[in-house]
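Here the structure comes first, spelled out in structure tokens, and everything after it is commentary.
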């Protein structure tokens, strides 16, 4: 176990160091996402996103067991979502051939405050629908599901639990000129390239920062969520975002400009 922990630590450090050398690029939101329009039209938990079960966080043994069972099913029950070899995403309908819902809980940020509502089965209640409609764009909707395997029946001690995070997005998300690559290059030049720490072998770091693109495309409300341990770096990151050139503002399905909030971890890391 000690050797395994050391190996994990080494791999994570390697990812961080590579990111801080500018090797990794911003690749957009890492969480499961869905447009606000889709979310408010959902009648069941699985209608919030077709990839909800695919992105569900389960303990290792349960994820391995479920994936093996899925791959044994007929190809009718899954769909290819990219040209990458073996990049297969099973839709919720495939999982629901194997499991059934006992209950689920939604924790939603509405007007900056978290609210929690639970329901049995998979149907969204009227109160849950109203809460989802009021969800803050760019916030996190936490979904916690309790389920059992159909072939085992709903036996005592056979209840399993999974969680996932869904981010509600505008119909048209905010865009930065030049896309993800331009965001990476901008922050590289304004943050990493300006670090004046004397020790060239400073420890790997990361900082989580939240910011909002307002209705005019301006970056506002920049806030460090998790500090990097280097005040100089945190200050550079805040200043860079505050002075960032304007974005194209997000728009809803009526083509009205709306605010959108982003949370990023910098430097950008693929794993760990």
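General remarks:
- Criterion violated by residue 99 - all others in (1) within 22 Å of the chain's Cα centre (by Cα); (2) crowded, with 18+ Cβ neighbours inside 10 Å; (3) at pLDDT 90 or above satisfied: (1)
- All positions within the range 216-272 that are assigned to a loop (DSSP other than H, G, I, E, B), over 21 Å from residue 179 (Cβ atoms) and in contact with a strand residue (DSSP E or B) (Cβ under 9 Å, 6 or more places away or on another chain): 227, 228, 229, 230, 252, 253, 255
Quick grid of which residues meet (1) surrounded by 13 or more Cβ atoms within 10 Å (Cβ to Cβ); (2) more than 23 Å from the chain's Cα centre (by Cα):
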{"position": "165", "(1), (2)": "yes, no"}
{"position": "168", "(1), (2)": "yes, no"}
{"position": "174", "(1), (2)": "yes, no"}
{"position": "184", "(1), (2)": "yes, no"}
{"position": "191", "(1), (2)": "yes, yes"}
{"position": "216", "(1), (2)": "no, yes"}
{"position": "247", "(1), (2)": "yes, no"}
{"position": "255", "(1), (2)": "no, yes"}
{"position": "259", "(1), (2)": "yes, no"}
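- Only a single criterion out of (1) part of a strand (DSSP E or B); (2) modelled with pLDDT of 90 or more is not satisfied by residue 189, namely (1).
- Considering the range 95-184, the qualifying strands (runs of 3 or more DSSP E), each wholly inside and each with 2 or more residues that are closer than 18 Å to residue 31 by Cα and out of contact with any helix residue (DSSP H, G or I) (no Cβ under 6 Å at 6 or more places or on another chain), run over 99-110, 141-149, 160-169.
- Enumeration of residues in the range 116-135 that are touching a strand residue (DSSP E or B) at 6+ places or on another chain (Cβ under 7 Å), surrounded by 15 or more Cβ atoms within 10 Å (Cβ to Cβ) and farther than 20 Å from residue 151 by Cβ: 117, 119, 124, 128, 131, 132, 135
- Odd one out for residue 69, checked against (1) modelled with pLDDT of 90 or more; (2) surrounded by 15 or more Cβ atoms within 10 Å (Cβ to Cβ): (1)
The values are calculated or read from the model by the stated rules, or taken from the named source; none is laboratory data. Just so we're clear, the structure is a prediction, and the values are computed from it rather than from any experiment. Positions of Cβ are backbone-derived with ideal geometry, glycine not excepted, and every protein chain shown enters the neighbour counts.
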